[in-house]
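Here the structure comes first, spelled out in structure tokens, and everything after it is commentary.
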Amino acid sequence: DQQVKQNSPSLSVQEGRISILNCDYTNSMFDYFLWYKKYPAEGPTFLISISSIKDKNEDGRFTVFLNKSAKHLSLHIVPSQPGDSAVYFCAASASGAGSYQLTFGKGTKLSVIP
Amino acid sequence: NAGVTQTPKFRVLKTGQSMTLLCAQDMNHEYMYWYRQDPGMGLRLIHYSVGEGTTAKGEVPDGYNVSRLKKQNFLLGLESAAPSQTSVYFCASRIGVRTTGELFFGEGSRLTVL
């Protein structure tokens, strides 16, 4: 049973426009969410995170929105740049004793077209 | 500061052969993880460790063994490699004190089993 779902395997966006990547989760115990970016032949790198006590977190061109009632989060990239072309993974974790793991989605491949 | 280093970067094995992947981190992190990435499957947790001398199973542990004899090293072993273990393997580490700490990934090790 997939607890973190990224239903869009790929997304193409024109340079300068907004990219919106979506993620859904099923485990109500998740209270911390992260986005990672991965280029080919490299390891994933941390991009941005959000705690469940917030509904928005912004870092430059990147904004993550969290809708707890819908168990949905999204990553907005504005404006999109060709260097943003990568695979984006959504991840979630639950705080508290024994919670050592991050659960990842399958990823969304973003292509930003010049 | 090297961060998380994986060796080897590439390896080709024949079915039934054994090998060990080495992960080393220089950030004094408590938690370490081994993931595998396969097309369309995202990142799946194989084994993890929450401290020196401890290991635990993740989502897909079968066919793998791990050891954490030193805090900075986390070894992933394949005793009898199978073609289904052809994958890209990523090691990651996390501070461990804060359960919301991000993961830092290595660059990956590409393993092919013929």
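Observations on the structure shown:
- Relative packing of peptides A:4-15, A:69-80 - highest average C-beta neighbours within 10 Å first: A:69-80, A:4-15
- 10 Å Cβ neighbours from other chains, averaged over peptide A:43-52: 4
- Among A:D59, A:D31, A:D84, residue whose mean-square fluctuation peaks in a GNM of chain A (springs only between Cα atoms under 10 Å): A:D59
- The phi torsions of the range A:83-89, fed into the Karplus equation with coefficients 6.51, -1.76 and 1.60 and a -60° offset, translate into couplings of x, 7, 4, 5, 9, 10, 10 Hz, rounded to whole numbers, with Gly and Pro shown as x.
- Once divided by 2.2 N^0.38 Å, the Cα radius of gyration of chain B becomes 1.00.
- Relative contact order (%) - chain B, alpha-carbon pairs under 8 angstrom, separation at least six: 35
- Cleavage-rule hits (chymotrypsin sites (Phe, Trp or Tyr not before Pro)) in the range A:6-56: DSSP loop, at most 13 neighbouring Cβ within 10 angstrom: none
- The H on the amide N of A:K109, modeled in the peptide plane, is under 5 Å from the matching H of A:S10, A:L11, A:Y88, each at least 5 residues off or on a different chain.
- 10 Å Cβ neighbours from other chains, averaged over peptide B:41-49: 4
- Evaluated with a Cβ-only charge set (Lys, Arg +1; Asp, Glu -1), chain A carries a dipole of roughly 120 debye about its Cα centre, given to the nearest 20.
- Proximity of backbone amide H atoms, modeled 1.01 Å from N, is registered between A:K54 and no other residue at under 5 Å, excluding neighbours fewer than 5 places apart on the same chain.
- Beta bridges assigned by DSSP with both partners in chain B are antiparallel in approximately 90 percent of cases.
- Values of log10 I(q)/I(0) for the protein assembly as shown across q = 0.08, 0.17 Å⁻¹ run -0.29, -1.24, by the Debye formula with one identical scatterer at each alpha carbon and no solvent.
- Binning the C-alpha pair distances of chain A at 5 Å intervals from 0 yields a P(r) profile of 2, 12, 23, 25, 20, 11, 5, 1, 0, 0 %, listed from the shortest bin outward.
- Under Karplus coefficients 6.51, -1.76 and 1.60, residue-wise ³J(HN,Hα) of the range B:8-19 in Hz, glycine/proline x: x, 7, 9, 7, 10, 10, 9, 3, x, 6, 10, 6
- Our summary gives chain A a relative contact order of 37 percent, counting only alpha carbon pairs under 8 angstrom and 6 or more residues apart.
- Karplus-derived HN-Hα couplings along the range A:42-53 (A = 6.51, B = -1.76, C = 1.60, θ = phi - 60°), whole Hz, x at Gly and Pro: 10, x, x, 10, 5, 10, 6, 9, 8, 8, 5, 7
- Cβ-placed point charges (K, R +1; D, E -1), dipole of the range B:21-71 about Cα centre in debye, nearest 20: 80
Read-outs throughout are calculated quantities, based only on the coordinates presented, and are distinct from any laboratory measurement. Computed from a predicted model, the values in this text were never measured in an experiment. When we count neighbours, we look across all protein chains shown, and the Cβ atoms used for this are built from the backbone with ideal geometry, even at glycine.
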